[in-house]
Structure formats: structure tokens, C-alpha cells
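Remarks on the structure that follows.
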Amino acid sequence: MYVTINDLIKTYRRRGKIHEVFSHQTLEIQPGKFIAIVGRSGSGKTTFLHLLAGILAPSSGEIRYDGRLISDLSEKEQALFRNEKIGFIPQGNCLLNNFTVLDNVRLPLYLKKQSHQVAKELAEVERLLKKLNLHDLADEYPKNLSGGEQRRVMIARALIQKPKFILADEPTNDLDDLTKSEVLNLFKSVNQTGASIVMATHYKENLAAVDEIIQMTPTEA
Ligand SMILES: Nc1ncnc2c1ncn2[C@@H]1O[C@H](COP(=O)(O)OP(=O)(O)OP(=O)(O)O)[C@@H](O)[C@H]1O
Ligand SMILES: [Mg+2]
């Protein structure tokens, strides 16, 4: 997927005052690019990823996916587009607590397919669970997992549909050094299959793998 970001501005209103998170962000993301977003806490990394995922609307400027504006799609089309085309790993926990690890990872498949088709994809789900060292936890519920285990479940869920565009918000948070490098290796291998990745990160070690580093600098108030 070819993504273009043109003159993007995002402002929030706080106590009646306009707070500009970042302004005039322009970027081209060619298919297969691996980009890191760095910057201090509060500099706008999460906001930027939410704009890219279409979860937030820009205050002005535009984002195009293969030439198409996401804002031209209906809300339902946007949700389908997000589910099928974008693998999103959020910064916070967004697992469904009443679903097991296995079902959380399979959720994107259920949203677009019949149950019997999902059953056929079990092998792929199991492959990913193994790769992320989660296979023993498949029947466990999120509340019984550690922070790092929950994070890995979110990574598995984001990758289950082999998306061509992956947005990862601090994907290696809460992970020990070995797991961090395993997650990064998984990203690298997904990247080598042609997927683009935009990853917000605080970890310098993650930067060696990427093609480009974008520094977020907050706009002065
Ligand atoms: N819904 C909102 N309303 C008002 N201000 C917001 C809202 N969401 C974020 N902000 C502000 O926008 C700025 C950027 O936040 P953002 O979460 O994008 O930062 P970040 O770079 O991801 O930080 P971190 O490294 O801590 O995750 C912050 O000052 C934050 O307080
Ligand atoms: Mg953030």
C-alpha cells in the first residue's frame, strides 16, 4: 500500500485553548518501508498513528491510501478498511476480556468471515501464537496475562490478516530484551514480505532495523 500524508495538522482543544500537537506533517510511505516515529512523551506519536489508522480525523490536511482519501469512505467502509488492510497495535491494552487469547487473535477474521472459514485458518493463528511464545496461553483470558503477554497478543492480532500496512505504537513496551528482539525480528520478516510498518518507539535498539526515522517535535504553545 502506498500512503501519502500531505500537510497534516492536528489540534486539540484544551480548556478552551487550541493546542496544536503537530503541524504541516508531510510524508510519503512507499510499499515495504519501515519507518520509526520518535520523540518525547507528548510529542504526538500516538496521535499521528491514530490519524494514519483513520481513528482520528485531522484538523486539516489529508492522508491517502493508494490515492484514496479515507474520509471519502463511509464509516462502515472505514471500519472494514481498517480491519482488513491495517494491522494496528495500540499503545494501551485493547484486548477483549471475555475472550480467550485464541479468540482475541482470531477476532479480525470473525469480523469478516463465517465461523467455518475461521476454523480453517487455525493453523495460521497457531503459527503466530508459537512465534510470539503464546501457544501455552491460547485458552487463557487477558486478565491473567502479564503486560508483555498482553502486548504480544495484540501484536498477533494485528498480524493475523497479513496486513500490508502495520501501525505499531510502542510495540516493544513491557517486554524483556530477548522478547523485544524477537518481536523486532518478526516485524523485519513481515516487512520483507512487502508490508510497510510505521512504529512509534522509545527504544534506540529498534532503530537499527528501520529505513527512515521521523522525529516528532511538539509545536510550541
Ligand atoms: N483527546 C485529547 N484531547 C486533548 N489533548 C490530547 C488528546 N489526546 C492527546 N492529547 C495531547 O496531545 C499531545 C500528544 O499526545 P500523544 O499521545 O500523541 O503523545 P505521544 O508522543 O504518543 O506520547 P507518549 O510517548 O507518552 O505515548 C499530548 O500533549 C496530549 O496531552
Ligand atoms: Mg504514545
Flagged pairs (Cβ under 8 angstrom, 6 or more apart or on separate chains; first in the range 128-149, at pLDDT below 95; second acidic (Asp, Glu) and not in a helix (DSSP H, G or I)) are 146/174; 147/174; 148/174; 148/176
Of 54, 67, the only residue that is within 28 Å of residue 193 (Cα to Cα) and either over 17 Å from the mean Cα position of the chain (by Cα) or within 11 Å of ligand 1 (Cβ to nearest atom) (or both) is 67
Can residue 11 be described as touching an Asp or Glu at 6+ places or on another chain (Cβ under 9 Å), near ligand 1 (Cβ under 10 Å from one of its atoms), touching a residue at least 12 places away in the same chain (Cβ under 8 Å) and in a strand (DSSP E or B)?
yes
Looking only at residues that are closer than 22 Å to residue 52 by Cα and small (Gly, Ala, Ser) in the range 76-116, which one is nearest to ligand 2 (Cβ to nearest atom)?
92
Does the range 18-35 include one or more residues that are within 16 Å of ligand 1 (Cβ to nearest atom), exposed (fewer than 12 other Cβ atoms within 10 Å of the Cβ) and either within 19 Å of residue 210 (Cα to Cα) or among the basic types (Lys, Arg) (or both)?
no
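Yes/no matrix, rows are residues, columns are (1) at pLDDT 95 or above; (2) of a type in the set (Lys, Arg):
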{"residue": "70", "(1), (2)": "no, no"}
{"residue": "75", "(1), (2)": "no, no"}
{"residue": "85", "(1), (2)": "no, yes"}
{"residue": "99", "(1), (2)": "yes, no"}
{"residue": "107", "(1), (2)": "no, no"}
{"residue": "120", "(1), (2)": "no, yes"}
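The values are calculated or read from the model by the stated rules, or taken from the named source; none is laboratory data. Here the structure is a predicted model, which is why all the values come from computation and not from measurement. As a convention, Cβ positions derive from the backbone with ideal geometry for all residues, glycine included, and neighbour counts pool all protein chains shown.
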